[in-house]
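Everything below concerns the one structure shown next.
The values are calculated or read from the model by the stated rules, or taken from the named source; none is laboratory data. Quantities reported herein were computed from a predicted structural model and do not represent experimental measurements. As a convention, Cβ positions derive from the backbone with ideal geometry for all residues, glycine included, and neighbour counts pool all protein chains shown.
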Amino acid sequence: MRVIILSKAPVAGQVKTRLMPQYSAQEAADLQQEMTATVLKKVCSLFDDVWLVVDDTKHPFFASLQADFTFDLQHQGDGNLGNRLERLLHRSFSVDDEPVMFLGSDSPHIHITRYQQVISALQHHDIVLGAVEDGGYDLLATSVCEPLLFQGISWGSSSVLEETVVKAHHLKLSMQVLELSFDLDRAEDLRRAPPCQWDMV
């Protein structure tokens, strides 16, 4: 399986803004950096084919990660999340027919068994989604190249998961939804899963 992690350069004032004002802009950027590194570390411990897809490939943080981990650094490109996922799906399946798992960097606290569940579930389903409390998902894995899955979704809303499930049914794709988890978007989320617990894989 190919794992594609979408992340952003840790630029103060431009990332993890929902953590403010409880955290300063620089503290939020530092957390973004730590979250990305933790997700990458966990993924690279399980998978050999990893893409880190970012908004600024020239940012020095990503060069520092390449000193410690083996991955392919790529640019996300323009558009909303659906546009970017669709483009990355095409890009991946143009390389080979390997299943793809998309991840963000907002769930560094999840146990690697969640990734292992995806491997098992894809043996029996076309799509695997990791549900999160805000109505979205922390991962989407697919063994089929179906770009329509990402079209017409209200990205950023609390109905992303529900809309994706409906879309998959309309496309006659079999699906499994994993146990509900949560992203680390707000200060209260970090109190539930502080950085000291992220490495407890």
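Of these, Val11, Val39, Val50, Val3, which one is out of contact with any Pro (no Cβ under 9 Å at 6 or more places or on another chain) and within 22 Å of Pro195 (Cα to Cα)?
Exactly one residue qualifies, and that residue is Val11.
Report yes if Leu161 is within 24 Å of Asn83 (Cα to Cα) and without any contact (Cβ under 8 Å) to a residue 40 or more places away in the chain, otherwise no.
In short, yes.
Among the residues of the range 36-90, how many are under 20 Å from Val11 (Cα atoms), of a type outside the set (A, V, I, L, M, F, W, C) and in contact (Cβ under 8 Å) with a residue 60 or more places away in the chain?
4
Somewhere in the range 9-26, is a residue touching a helix residue (DSSP H, G or I) at 6+ places or on another chain (Cβ under 8 Å), assigned to a strand (DSSP E or B), modelled with pLDDT of 95 or more and not β-branched (Val, Ile, Thr)?
No, there is no match, as no residue in the range 9-26 is touching a helix residue (DSSP H, G or I) at 6+ places or on another chain (Cβ under 8 Å), assigned to a strand (DSSP E or B), modelled with pLDDT of 95 or more and not β-branched (Val, Ile, Thr).
Of the residues Arg18, Arg2, which single one is among the basic types (Lys, Arg) and closer than 21 Å to Leu129 by Cβ?
Going through Arg18, Arg2 in turn, the sole match is Arg2.
Within the range 125-147, is even one residue without any contact (Cβ under 8 Å) to a residue 24 or more places away in the chain and not acidic (Asp, Glu)?
no
Given Ala67, Ala29, which one is farther than 24 Å from Ser143 by Cβ and buried (at least 17 other Cβ atoms within 10 Å of the Cβ)?
Going through Ala67, Ala29 in turn, just one is farther than 24 Å from Ser143 by Cβ and buried (at least 17 other Cβ atoms within 10 Å of the Cβ): Ala29.
What pairs can you find where one residue is in the range 177-200 and farther than 19 Å from Thr113 by Cα, the other is in a loop (DSSP other than H, G, I, E, B), and their Cβ atoms are less than 6 Å apart, with a gap of 6+ or different chains?
Pairs that qualify, where the first residue is farther than 19 Å from Thr113 by Cα and the partner is in a loop (DSSP other than H, G, I, E, B), are Ala187/Gln22; Leu190/Leu184.
Restricting attention to the range 85-99, does a residue exist that is modelled with pLDDT of 95 or more, under 22 Å from Val132 (Cβ atoms), of a type outside the set (Phe, Trp, Tyr) and not in a helix (DSSP H, G or I)?
Among the residues of the range 85-99, at least one is modelled with pLDDT of 95 or more, under 22 Å from Val132 (Cβ atoms), of a type outside the set (Phe, Trp, Tyr) and not in a helix (DSSP H, G or I), which makes the answer yes.
When the residues of the range 79-94 are filtered to those that are charged (D, E, K, R) and in contact with a strand residue (DSSP E or B) (Cβ under 9 Å, 6 or more places away or on another chain), which remaining residue is farthest from Met35 (Cα to Cα)?
Residue satisfying both the conditions and the ranking: Arg91.
Only one residue in Leu40, Leu52, Leu46 is within 19 Å of Asp138 (Cα to Cα), hydrophobic (A, V, I, L, M, F, W, C) and surrounded by fewer than 19 Cβ atoms within 10 Å (Cβ to Cβ), so which one is that?
Checking each option against the conditions leaves just Leu46.
Tell me which residues, restricted to the range 46-78, are in a loop (DSSP other than H, G, I, E, B), out of contact with any Leu (no Cβ under 6 Å at 6 or more places or on another chain) and under 19 Å from Glu34 (Cα atoms).
Asp55, Asp56, Lys58, His59, Ala67, Asp68, Thr70
Search the range 1-26 for residues being closer than 21 Å to Leu140 by Cβ and not polar (S, T, N, Q), and hand back the single one that is surrounded by the fewest Cβ atoms within 10 Å (Cβ to Cβ).
Applying the filter and picking the extreme gives Met1.
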